[in-house]
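Everything on this sheet refers to the single structure shown next.
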Amino acid sequence: MRRNAPLLAAVLLMVPLSAALGRWLNPYYLQILVLIGINVILAVSLNLINGVTGQFSLGHAGFLAIGAYAGAATTLATGFGLAGLPLALLVGGAAAALAGLAVGIPTLRLRGDYLAIATLGFGEIIRVVILNTDAVGGARGLVGIPTLVGFGSVYACAIVCIVALWRLVYSQRGAAFFAIREDEVAAAAMGIDTTRYKILAFTIGAFWAGVAGGLLAHFIGYLHTNSFTFLRSVEIVVMVVLGGLGSFTGCVLAAAILTVLPELLRFGAEYRMVIYALLLIAIMLTRPSGLMGGREILPWRFWSSTPAR
């Protein structure tokens, strides 16, 4: 219980901090901070799949879309408003987790490029299905979503996400994820059910992507499938690779940098994306293992609720 006190204090601190920022900070900068928090959840959740377990998923935008539409539909159907936001986020996360389980069972026996192609296909299927479903707006998009999310709720979810996944990875069960990443054949020979652990990582990662989708929907108040294309999945993968595969703090740093960098480059007008791409290439050439290279800023005991293994 004592180890959870800092976590609870950090979550509760978001309430007055959100009120203060909403009052004193420029709305443009506040929006960037909120988007950083959402991208942190996406990057950290994908890190469990790609960085810790060593799989190659390109379908994270599909889980983001499922969570966004399911969460928004829950709010619109119930009309509970702010009181129903936790329910909407849980529904969005659960819907994404079920989709992750459904796609994980048949595809996670695949490896490498084959798995990447399968998850890429899944993400595109989700986008096209939503695009042709009038019940969620179809090609027009889903409008009228209450804007219930701010800095506090986003960063409270981000803190819980980071701590929950950190504790999972640095527990006794977490050793199996690292074993699969290092050598899946050797892990299977040691008696680890590799398919089960890959599905577990995929489902948990999808759940948090769904929660991020619910937060996004209730922050911008409008959803369209153009926000969940293949390029969105690639952007999340780049955050994980740039931060350092397996590094949670690296993912946080990369998510912040890649969210802010396009805004800082707006002075370049039509050339800003070219400059953005060149900067990414330069960073990866100088830091091929990522910003953190698999290391963490804080020792794992700072977050963990279990003894050292």
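The values are calculated or read from the model by the stated rules, or taken from the named source; none is laboratory data. Keep in mind that what you see is a predicted model, and the values were worked out from it rather than measured. With ideal geometry, Cβ positions are generated from the backbone for all residues, glycine too; neighbour counts draw on all protein chains shown.
Numbers at a glance
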quantity	calculated
Some residue of region 157-173 being free of Cβ contacts under 8 Å to residues at least 60 places away in the same chain, assigned to a helix (DSSP H, G or I), over 14 Å from the mean Cα position of the chain (by Cα) and surrounded by fewer than 24 Cβ atoms within 10 Å (Cβ to Cβ)	no
Pick from region 2-34, criterion among the β-branched types (Val, Ile, Thr) and closer than 24 Å to Leu264 by Cα, ranking: nearest to the chain's Cα centre (by Cα)	Val34
Unmet criterion (only one of (1) surrounded by fewer than 24 Cβ atoms within 10 Å (Cβ to Cβ); (2) at pLDDT 95 or above) for Ala9	(2)
Residues (outside any helix (DSSP H, G or I) and either of a type in the set (Lys, Arg) or touching a Pro at 6+ places or on another chain (Cβ under 6 Å) (or both)) located in region 110-132	Arg111
Test: residue in region 215-223 that is surrounded by fewer than 20 Cβ atoms within 10 Å (Cβ to Cβ), among the small types (Gly, Ala, Ser) and in contact (Cβ under 8 Å) with a residue 40 or more places away in the chain	yes
Of all residues making up region 110-124, the number that are of a type in the set (Lys, Arg) and buried (at least 19 other Cβ atoms within 10 Å of the Cβ)	0
Single residue of Leu98, Leu82, Leu46 found to be hydrophobic (A, V, I, L, M, F, W, C) and farther than 23 Å from Leu168 by Cβ	Leu82
Answer residue from region 51-86, given it is in contact (Cβ under 8 Å) with a residue 40 or more places away in the chain and among the aromatic types (Phe, Trp, Tyr) and is surrounded by the most Cβ atoms within 10 Å (Cβ to Cβ) among those	Phe63
Set Leu35, Leu42: member being touching a Ser or Thr at 6+ places or on another chain (Cβ under 7 Å), surrounded by 14 or more Cβ atoms within 10 Å (Cβ to Cβ) and closer than 19 Å to Ala209 by Cα	Leu35
Top-ranked residue in region 87-109 [being assigned to a helix (DSSP H, G or I) and more than 18 Å from the chain's Cα centre (by Cα); ranked as surrounded by the most Cβ atoms within 10 Å (Cβ to Cβ)]	Thr107
Criterion: out of contact with any His (no Cβ under 7 Å at 6 or more places or on another chain), among the hydroxyl-bearing types (Ser, Thr, Tyr) and over 30 Å from Asp183 (Cβ atoms) - qualifying residue of Thr53, Thr119, Thr74	Thr74
Scope region 125-144; condition within 21 Å of the chain's Cα centre (by Cα) and buried (at least 18 other Cβ atoms within 10 Å of the Cβ); matching residues	Ile126, Arg127, Ile130
Count of region 224-251 residues which are surrounded by 24 or more Cβ atoms within 10 Å (Cβ to Cβ), within 18 Å of Ile49 (Cα to Cα) and of a type in the set (A, V, I, L, M, F, W, C)	5
Those helices (runs of 4 or more DSSP H) lying entirely in region 213-309 with at least 3 residues at pLDDT 90 or above and in contact with a helix residue (DSSP H, G or I) (Cβ under 6 Å, 6 or more places away or on another chain)	230-243, 248-264
Residue pairs meeting the criteria (Cβ under 6 Å; at least 6 apart or on separate chains; first over 24 Å from Ala68 (Cα atoms) and free of Cβ contacts under 8 Å to residues at least 12 places away in the same chain, in region 106-131; second among the hydrophobic types (A, V, I, L, M, F, W, C) and assigned to a helix (DSSP H, G or I))	Leu110/Ala118
